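Peer 1: The following block contains the structure, expressed as structure tokens.
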Amino acid sequence: MYRSSILLIEANADTLQALTSNFQREGATVTTFNNATRGYDYLKKGTADLIVTDWNMAIFDGLDLCKLLKRSQQHAHIPLVMLTDRESEIDAVTALEVGVEDYIRKPVKVKELIVRMKNILRRKENYYPVHGLSNGLTASAEDRPIAIRQPVIKLNEVSLDNYSHKAYLLDKELSLTYSEFKLLELFISNPRRVYQRSTIIEKISGIDYFVTERSVDVMVVGLRKKLGEYKKYLETVRGVGYRFIG
């Protein structure tokens, strides 16, 4: 985190002060606000290498902020970590699907949070040089690597149409998020192959989309729910990762 610029948005004054002190000890430059509205106003003129925000704030909360930033060409590249006292798995899935790179449940374990932040920043720094980009820039369509993909992939009851970006189960369309579609595409393209979480991250991460190992577990949970009774096809291989047996 040395020399990284962190935007910290936290409604609780004690938490704000404690996190600021710890981030500064790591060598980060920290800009702080106690509500998401002021944080968003700051980003209209400024930027950050990483945003850490509280979810629960009045009127305009952390999730609202994330939605706006991920729709903004100027800010979509900035990774965002959500702090929350929400315990529902649905809330975690919701946050990750709108673009949050990681979420930490309160009370915050500062050392764990800092390690997660360092990992996100490291992946970001490692990715941009490969594409000749600096922080704050995103690749144009012609700059991005293009993978040769099969137009239609089918495995027993499940099929994917890469042209329309739609997935079907027994000819009924599944309502999948972008990340769930990519995850399912990976699994059914290579049935019975066991994927470690780190490999899944490597395969489905993109220049504007950063995935953590914790995010992978949440995406698998979401995908299983949408597969219904066919969730049995998506197996957990204990201590290793996941596979789709078809």
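Peer 1: Output yes when any residue across region 146-162 is surrounded by fewer than 17 Cβ atoms within 10 Å (Cβ to Cβ), modelled with pLDDT of 85 or more and under 30 Å from Lys118 (Cβ atoms), and no when none is.
Peer 2: No, region 146-162 contains no residue that is surrounded by fewer than 17 Cβ atoms within 10 Å (Cβ to Cβ), modelled with pLDDT of 85 or more and under 30 Å from Lys118 (Cβ atoms).
Peer 1: Which residues, counting only those in region 40-81, are within 19 Å of Ala28 (Cα to Cα) and hydroxyl-bearing (Ser, Thr, Tyr)?
Peer 2: Tyr42, Thr47, Thr53 - these are the residues of region 40-81 that are within 19 Å of Ala28 (Cα to Cα) and hydroxyl-bearing (Ser, Thr, Tyr).
Peer 1: Any idea how many residues of region 222-233 are surrounded by 15 or more Cβ atoms within 10 Å (Cβ to Cβ) and either farther than 19 Å from Ile90 by Cα or of a type in the set (Val, Ile, Thr) (or both)?
Peer 2: Summing the residues that are surrounded by 15 or more Cβ atoms within 10 Å (Cβ to Cβ) and either farther than 19 Å from Ile90 by Cα or of a type in the set (Val, Ile, Thr) (or both) in region 222-233 gives 2.
Peer 1: In region 191-213, is there at least one residue being surrounded by fewer than 13 Cβ atoms within 10 Å (Cβ to Cβ), at pLDDT 90 or above and outside the structural domain of Pro79 (by TED's automatic domain parsing)?
Peer 2: Yes, because at least one residue in region 191-213 is surrounded by fewer than 13 Cβ atoms within 10 Å (Cβ to Cβ), at pLDDT 90 or above and outside the structural domain of Pro79 (by TED's automatic domain parsing).
Peer 1: Restricting to region 222-246, and then to whatever is in a helix (DSSP H, G or I) and touching a strand residue (DSSP E or B) at 6+ places or on another chain (Cβ under 6 Å), can you tell me which residue is nearest to Arg193 (Cα to Cα)?
Peer 2: If we take residues in region 222-246 being in a helix (DSSP H, G or I) and touching a strand residue (DSSP E or B) at 6+ places or on another chain (Cβ under 6 Å), then Tyr233 is nearest to Arg193 (Cα to Cα).
Peer 1: Tell me the helices (runs of 4 or more DSSP H) entirely within region 21-117 that contain at least 1 residues that are polar (S, T, N, Q) and either under 15 Å from the mean Cα position of the chain (by Cα) or surrounded by 14 or more Cβ atoms within 10 Å (Cβ to Cβ) (or both).
Peer 2: 36-43, 89-97
Peer 1: So which residues in region 8-20 are crowded, with 16+ Cβ neighbours inside 10 Å and in contact (Cβ under 8 Å) with a residue 60 or more places away in the chain?
Peer 2: Glu10, Thr15, Leu19
Peer 1: Do we have Lys225 as under 25 Å from Glu101 (Cβ atoms), modelled with pLDDT of 90 or more, charged (D, E, K, R) and not assigned by TED's automatic domain parsing to the domain that holds Ile104 here?
Peer 2: yes
Peer 1: Still on this structure: Here is a list: Phe60, Phe23. Which entry is of a type in the set (A, V, I, L, M, F, W, C) and at pLDDT 95 or above?
Peer 2: Phe23
Peer 1: Name the single residue that is surrounded by the fewest Cβ atoms within 10 Å (Cβ to Cβ) among those in region 170-185 being assigned to a loop (DSSP other than H, G, I, E, B) and under 24 Å from the mean Cα position of the chain (by Cα).
Peer 2: Ser175
Peer 1: So Ala167 passes all but one of these: (1) at pLDDT 80 or above; (2) among the aliphatic types (A, V, I, L, M); (3) assigned to a loop (DSSP other than H, G, I, E, B). Which condition number does it fail?
Peer 2: All conditions are met except number (3).
The values are calculated or read from the model by the stated rules, or taken from the named source; none is laboratory data. It should be emphasised that the depicted structure is a prediction, and the values quoted were computed from it without experimental measurement. No Cβ is skipped: glycine too gets one built from the backbone with ideal geometry, and neighbour counts run over all protein chains shown.
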